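Visitor: Take this structure, written in structure tokens, and hold onto it; I'll ask about it next.
The values are calculated or read from the model by the stated rules, or taken from the named source; none is laboratory data. Everything quoted here is computed from the prediction, not taken from an experiment. Cβ atoms come from the backbone with ideal geometry, glycine included; neighbour counts cover every protein chain shown. We work out accessible area using only protein heavy atoms, side chains counted, and drop any ligands, DNA or RNA first. Shrake-Rupley method; radii C 1.70, N 1.55, O 1.52, S 1.80 Å.
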Amino acid sequence: MRLTGFAATLLALAASAAPAGAQVKVGVLSDMASLYADITGAGTVAAARMAAADAGPVLGAPVEIVSGDHQNKPDIASALARRWYDADGVDMITDGGSSAVALAVEEVSREKHKLVLFSGPASSDITGKNCSPYAAHWTYDTYALAHVTGSAIVKAGGDTWFFLGADYAFGHALERDTAAVVEANGGKVLAAVYAPLNSADFSSFLLQAQESKAKVIGLANAGGDTINAIKQGAEFGVAEGGQSFAALLMFITDVHSLGLKTAQGLKFTTAFYWDQNDGTRAFAKRFFAEIGHMPTMVQAGVYSATHHYLAAIKAAGTKDPEAVMAKMREMPINDFMTHDGKLRVDGRVIRDMYLLQVKKPEESKAPWDYARVVETVPGEQAFRPLDQGGCPLVTAAAGK
């Protein structure tokens, strides 16, 4: 069948709008089935797809989203990242999962000169000594968690601490950063112990915490480990003994799993809470319709990172990693969870952070009405100063 002149022109235009290799491909690397699945998992994939849908065609073609399960194992994550970059045409990886996974993937990203935008991992080393020109740390880190939650608790009288941490990069970094804040504010760290990832039994660690007589038991863990430690602490009578937990990394899904009766009064730091304003509520409504629970800050952060990345490609007119990263640093970050955020040369995104407190059961007025914002901490105060992280990129930029 012969095409009319008009039809042939349209076909030619469509072909020129999406040249071979131009389609942007984003890989969501997450914990799909283990202790961080509610925090990250299918919710991060949904968030990336929402951002891609909102962006519409980029470089003349729809954005493709692929996903994979790193199983919280750095070797599996590295192999998958390498395959995505080398063979599958993935342009950017997001989420990133645990800190150990993230540090491994960051090295692959650096080697391949491809972008990775982390939302899930916490270690501040990602933008410190391990910083990379191809990596960004989007949502939060151990420095911000320590300085917002830790300082608030010490100033409220919690001046002796016993740390119970996850025994890998994240737990050690969070304990290190929080201990520094505790001591800088006149508090004292009595001891620190570390439990294997995905522990079912925290009894021996909780007994040590009780024997220490510390006022605060600082939980340098996350997800299922945080939930199990707090539940078992309630069974051990931690509160009745005059001690309290500091949940140094907690998510709305953790509060939901614990229930308000157990979680009430806990203070924690977040970059996003679903009920802050009309914009956060609108995103949460869309997210809930697909996933069935309110979004965590990691899931919201994946949307934010993907949204800004795609906007930068449009502005740059290319998906070249160096050009896109330069444009991402140049453009302010604005979306439902970020207001005039900025991406620094070390890869750290500077955004406001929020200290939340879990409500009492009688204070909750609707499903998922679990917390209130008690303090807003400006990004420049919440995150580590640029010259204190030991990032070689900062030194190089200063020398120009």
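Visitor: For segment 253-274, give me the residue count where each residue is closer than 16 Å to V298 by Cβ and of a type outside the set (V, I, T).
Guide: 8
Visitor: Checking E175 against (1) within 27 Å of L207 (Cβ to Cβ); (2) more than 22 Å from the chain's Cα centre (by Cα): exactly one of these is not met. Which one?
Guide: Checking E175 against (1) within 27 Å of L207 (Cβ to Cβ); (2) more than 22 Å from the chain's Cα centre (by Cα), the one that fails is (2).
Visitor: Check segment 201-212 and report whether any residue there is surrounded by 21 or more Cβ atoms within 10 Å (Cβ to Cβ), in contact with a helix residue (DSSP H, G or I) (Cβ under 9 Å, 6 or more places away or on another chain) and closer than 28 Å to T127 by Cβ.
Guide: Checked segment 201-212: no residue is surrounded by 21 or more Cβ atoms within 10 Å (Cβ to Cβ), in contact with a helix residue (DSSP H, G or I) (Cβ under 9 Å, 6 or more places away or on another chain) and closer than 28 Å to T127 by Cβ.
Visitor: Which one of the conditions (1) closer than 20 Å to S124 by Cα; (2) in contact (Cβ under 8 Å) with a residue 60 or more places away in the chain does G341 fail to meet, given that it meets all the rest?
Guide: (2)
Visitor: How do the helices (runs of 4 or more DSSP H) wholly within segment 283-385 filter down when requiring 2 or more residues that are touching a Ser or Thr at 6+ places or on another chain (Cβ under 6 Å) and among the polar types (S, T, N, Q): which remain?
Guide: Hits in segment 283-385: 297-316.
Visitor: Now a separate question. Could you pull out the residue among Y370, Y309 that is of a type outside the set (S, T, N, Q) and under 23 Å from G128 (Cβ atoms)? Outline the logic, then answer.
Guide: Numbers: Y370 fails: under 23 Å from G128 (Cβ atoms).
Matching residue, one of Y370, Y309: Y309.
Visitor: Report yes if F268 is open to solvent by 60 Å² or more (accessible area, probe 1.4 Å), touching a Leu at 6+ places or on another chain (Cβ under 8 Å) and of a type in the set (F, W, Y), otherwise no.
Guide: no
Visitor: Out of K213, K155, I need the residue that is more than 24 Å from Y354 (Cα to Cα) and of a type in the set (K, R). Which one?
Guide: Sole residue among the options that is more than 24 Å from Y354 (Cα to Cα) and of a type in the set (K, R): K213.
Visitor: Of the residues in segment 135-174, how many are surrounded by fewer than 24 Cβ atoms within 10 Å (Cβ to Cβ), of a type in the set (A, V, I, L, M) and closer than 20 Å to E107 by Cα?
Guide: Number satisfying all stated conditions: 1.
Visitor: Still on this model: In the set V181, V189, V193, V238, which member is among the aliphatic types (A, V, I, L, M), open to solvent by less than 60 Å² (accessible area, probe 1.4 Å) and assigned to a helix (DSSP H, G or I)?
Guide: V181
Visitor: Can you tell me which residues in segment 320-337 are open to solvent by 40 Å² or more (accessible area, probe 1.4 Å) and over 15 Å from A305 (Cα atoms)?
Guide: Listed by number, the residues that qualify are D320, E322.
Visitor: Within segment 163-179, can you find the residues that are in contact (Cβ under 8 Å) with a residue 60 or more places away in the chain and hydrophobic (A, V, I, L, M, F, W, C)? Step through it out loud before you land on a result.
Guide: As a first pass, look at segment 163-179 and keep what is in contact (Cβ under 8 Å) with a residue 60 or more places away in the chain: 164, 168-170, 173-174, 178.
Across segment 163-179, the qualifying residues are L164, A169, F170, A173, L174.
Visitor: Can you find even one residue in segment 235-254 that is in contact with a Pro (Cβ under 9 Å, 6 or more places away or on another chain) and more than 21 Å from A102 (Cβ to Cβ)?
Guide: Yes - at least one qualifying residue is present in segment 235-254.
Visitor: Still on this structure, I have one more. Pairs only if they're at least six apart or on different chains, beta carbon under 8 angstrom, first in segment 345-369 and surrounded by fewer than 17 Cβ atoms within 10 Å (Cβ to Cβ) and at pLDDT 95 or above, second polar (S, T, N, Q) and not in a strand (DSSP E or B); list them, first residue then second.
Guide: From residues that are surrounded by fewer than 17 Cβ atoms within 10 Å (Cβ to Cβ) and at pLDDT 95 or above, the pairs are K360/Q264; P361/Q264.
Visitor: Then there is this: Of the residues that make up segment 304-314, is at least one in contact with a helix residue (DSSP H, G or I) (Cβ under 8 Å, 6 or more places away or on another chain), under 28 Å from A22 (Cβ atoms) and open to solvent by 50 Å² or more (accessible area, probe 1.4 Å)?
Guide: Checked against the condition, which is being in contact with a helix residue (DSSP H, G or I) (Cβ under 8 Å, 6 or more places away or on another chain), under 28 Å from A22 (Cβ atoms) and open to solvent by 50 Å² or more (accessible area, probe 1.4 Å), segment 304-314 yields at least one hit.
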